Structure formats: C-alpha cells, structure tokens
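These notes concern the structure reproduced below.
The values are calculated or read from the model by the stated rules, or taken from the named source; none is laboratory data. Everything numeric here is computed off the predicted structure, so don't read it as measured data. All Cβ positions, glycine included, derive from the backbone under ideal geometry; neighbour counts span all protein chains shown.
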Amino acid sequence: MSDKAVFTEKQYLGREFIPTTIRVVLALFCFAIYFFTDERETSGNLLLVVGIAIIVISVILRFMLHFSTRVQNKSIFLDGLWTARLVKIDLNSIVKAEKGLYSRYLFNNPVYNLHSRGTIRFYAAGNDAVYLTDRDGLVYIIGSRQSDELLKAILAEMKR
C-alpha cells in the first residue's frame with residue numbers, strides 16, 4: 001500500500017464567481033449610498049462599516065478551506081472544515097463511477113456530507129460532479145472543478 005495520494009483537490013468557500021460577485025455588488029451598493037447620503041452621522045457611517053465588513057468577509061472566505069478530496073489506497077478521503085469528520089469511501093464497495101452535471105441550477109450552496117433522498121453530497125464549486133454508486137444503491141455525489149481527473153483516479157484505483 002502506498003501512502004502517496006493519486007489525486008488531491010482542495011475546494012475553498014469564497015472562490016466561486018457568482019457569490020463573490022453578489023458580495024462585491026452589495027459592498028459597492030453600500031459605498032454608493034454612503035457617498036450620496038447627506039447626513040453621515042449615524043446611518044451613513046453604518047453603511048460604510050457594512051460595506052467594509054462585506055469586503056473583509058469576502059477576502060477571508062477566499063482562503064477558507066471547505067473540504068479536500070484525496071484518492072489513496074483504494075479509498076476516497078473527504079476532509080471537511082474544523083468540526084467536520086473525515087469521510088472515507090471504500091472503493092471496493094463501489095459498483096459504478098461516472099461523471100455528470102452536479103445540478104441544473106445556477107446557484108448551488110456549498111455542502112459537506114449532506115444526506116438527502118438516498119444520496120450523499122459534497123460540493124463547493126464547479127459545474128461537474130462524479131457520481132459513485134455502492135452495492136446498497138447509495139449514491140455519492142462529489143462536486144469538483146477537476147472531475148475528469150478525479151474520475152480517472154477513481155477508476156485507476158478501482159482496477160488496482
């Protein structure tokens with residue numbers, strides 16, 4: 001058994017384009033209203049503070065790791081944020097692995113280990129996902145920006 005990972009990917013919370021754009025537009029809206037407010041004593045200053053807070057939170061989120069994916073030793077390890085538990089998916093129990101679209105919606109919330117209607121979802125960013133079906137019929141959906149490489153690594157580990 002090798003201790004070296006075949007595939008590694010880290011997904012961050014604040015690097016998705018649409019939520020970042022929404023936060024920047026909200027901050028610009030706060031700054032614009034602050035600029036055009038005549039009385040800057042109470043409400044105007046509050047808008048300036050809120051706009052700066054939105055920008056600071058956006059910068060912090062760019063560096064906040066949501067989860068990391070590793071394919072290693074015939075297993076997939078999904079390690080989440082601070083209090084999230086490590087999820088290990090044994091590839092010996094997987095009967096089908098395929099690439100597909102994560103969701104048809106434009107806005108998708110980041111999730112980690114979300115159990116819903118016979119599926120377990122892991123997602124931070126990207127449009128594509130890898131669908132893994134185990135012997136019991138449970139489907140793991142792992143959203144990834146590098147879904148082609150992830151699928152190749154999973155299939156290579158399953159054959160090994």
Practice prompt. Among the residues of the range 138-152, write down those that are more than 15 Å from the chain's Cα centre (by Cα) and either of a type in the set (Gly, Ala, Ser) or part of a loop (DSSP other than H, G, I, E, B) (or both).
Written response: 138
Worksheet item: Can you tell me which of 34, 102 is in contact with a Gly (Cβ under 9 Å, 6 or more places away or on another chain), over 15 Å from residue 154 (Cα atoms), at pLDDT 80 or above and not assigned by TED's automatic domain parsing to the domain that holds residue 152?
Response: 34
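Of 108, 45, which residue is of a type in the set (S, T, N, Q), buried (at least 17 other Cβ atoms within 10 Å of the Cβ) and modelled with pLDDT under 85?
108
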Worksheet, complete the sentence: Over the range 111-137, the set of residues assigned to a loop (DSSP other than H, G, I, E, B), more than 17 Å from residue 86 (Cα to Cα) and touching a helix residue (DSSP H, G or I) at 6+ places or on another chain (Cβ under 9 Å) is 125, 126, 127, 135, 136
Practice prompt. Within the range 111-147, track down each residue that is surrounded by fewer than 19 Cβ atoms within 10 Å (Cβ to Cβ), free of Cβ contacts under 8 Å to residues at least 60 places away in the same chain and among the basic types (Lys, Arg).
Written response: 117, 135
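Could you list, in sequence order, all residues of the range 7-33 that are farther than 21 Å from residue 124 by Cα and surrounded by 13 or more Cβ atoms within 10 Å (Cβ to Cβ)?
26, 27, 28, 29, 30, 31, 33
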